Amino acid sequence: MDTPDITEKHDSYAALRYKEFRSYMGMRFFFTFAYQMQAVIIGFHIYHLTKDPLALGLVGLCEAIPAIGIALYGGYVADKSEKRGLLLKIFICVFICSLVMLVSTAHQMRPYIPESYIVPIMYLMVAIIGFARGFFSPANSALMAQIVPKALYPNASTWNSSSYMSASIVGPAAGGLIYGFFGITVTYIIILLFIFIALICIFFLNKHEAQYIPKESIYDSLTEGVQFVFKNKMMLGAMSLDLFSVFFGGAVALLPVFANDILKVGSEGLGFMRAAASSGAVITMLAMARFSPMNKPWRNLLIAVTGFGTSIICYGLSKSFYLTLFFLFMEGAFDSVSVIIRSTIMQLLTPDRMRGRVSAVNSMFIGSSNEIGAFESGLTAKLMRTVPAVVFGGCMTIAVAGITYLKTKQFTKVTLQDMNEQTN
């Protein structure tokens, strides 16, 4: 690891002064760009073929089930493996899945692949990507912690989240616009190009050998990671809060319904709607690189989740496209605060030798809560119609934040300095 001078107390760019961290950021940006583009066009194309909001929920379920099922083993593998090689294998797997979706949805393949086969093929590829993601999340988390020193974890988490959200702005907008103007085949070609660029970025990373050599059985090793999380009340509380708030607040999965049937803005409007939430997130994250939310992290986390739920209710009730964009912007802004706080808590409270396994447990709570939340939103939309389903989800998110506050009042006064003292 290169060691630039980090003596500047309020250096907002401290983590970026590490060359390897910049390569890591490039990898994360280009992969997320492709992933978010793909998420938009999969959802819109499946809804175009089925006209069923439950079909959108099933997309999330197809990804969540394998991701959750393999997550703990993925964490075990991440802890005992060299990180760069593992990421290469994961990205190659995702590249092949995207290539299969390109071929199966291409207009030139219509004579050979019946339209009734397209949705099942897409579900299958989404499931395989979910399987790969069960390894990616712990490997990615463990790698970042080895690139920068511990003192820069809050700053690195902010820039890492900003890179993710920046790609989440450009990706959905590009996916919706390119799909609307040029069709699904051109969109998938661009997705494959960006996954390939992410693969190239991996080669600029150093090899990071395992810091954990398992001496016990796989079962005992996995149990150690789970027990560590459940014994740490703040970490467990942060994971649980996110799980239930995103489970009930996964209304973003219903954006194709709003774009197509309620606001009638098509795939182009869908791209802007997806990008609005990410715009709010990245602008807020850039501000937080200078003004950290970690002065009282637990208090700020609860406020952010409450604002997130309120924004969902407003977006669900809006009948104006531009008002909807504003409320989605605010939803992303509040969500970004909670993302940075949760990721910093995870990095600070986790020992190096357990990062993969703890990240795997985190992935089971948080990483797949979006997909499970998407299924919940699709199911409730099927049962009670789209707008009531979104409002219900926002109300439940606020209720979860309120219950969590009542159960964890003792954490609201904890500062970042208190957390550092706890881990030293």
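Points worth noting:
- Here the Kirkwood formula, the inverse mean of 1/r across different C-alpha pairs, assigns the chain a hydrodynamic radius of 21.6 Å.
- By average C-beta atoms within 10 angstrom, highest first, the peptides 34-45, 177-188, 138-149: 34-45, 138-149, 177-188
- Helical segments meeting 27 Å axial Cα length and Kyte-Doolittle 0.5 threshold in the chain (DSSP H): 53-80, 83-105, 115-147, 184-202, 266-288, 297-317, 321-349, 386-407
- With a simple spin-label model that places each label point 7 Å from the Cα along the Cα-to-Cβ direction, the separation between His48 and Val186 comes to 1.3 nm.
- Short-range pairs are left out: with C-alpha atoms under 8 Å and at least six residues apart, the relative contact order of the stretch 162-286 is 59 percent.
- Considering only GluC sites (Glu not before Pro) in DSSP loops that have at most 16 other Cβ atoms within 10 Å, the longest stretch of the chain without any of them is 217-424.
- Semi-axis lengths (Å, descending) of the ellipsoid that matches the C-alpha gyration tensor of the stretch 243-314: 28, 16, 8
- The simple Förster model, with R0 at 22 Å and r as the Cβ-Cβ distance, assigns Ile200 and Lys19 a FRET efficiency of 0.90.
- Computed from label points 7 Å out along Cα-Cβ, the spacing between Glu115 and Ala151 is 6.3 nm.
- 20 Å Cα-Cα threshold exceeded, pairs from Lys231/Lys407; Lys83/Lys150; Lys80/Lys207; Lys19/Lys80: Lys19/Lys80
- Cα centroid separation, the stretch 285-310 to the stretch 80-138 (Å): 35
- The stretch between Leu406 and Leu379 holds 6.8 nm of extra length on full extension. This uses 0.36 nm per residue minus the Cα-Cα distance.
- In the chain, the sites counted are trypsin sites (Lys or Arg not before Pro) in DSSP loop states with at most 13 other Cβ atoms within 10 Å, and the longest stretch holding none of them, exclusive of the sites, is 52-206.
- Whichever lysines have a C-alpha closer than 27 Å to that of Lys382, once near sequence neighbours (fewer than 8 apart) are set aside: Lys51, Lys264, Lys319
Every number here is computed from the coordinates shown, using simple stated rules; none is lab data. Model, not experiment: these values are computed from the prediction. Using ideal geometry, Cβ is built from the backbone for each residue, glycine included, and neighbour counts are taken over all protein chains shown.
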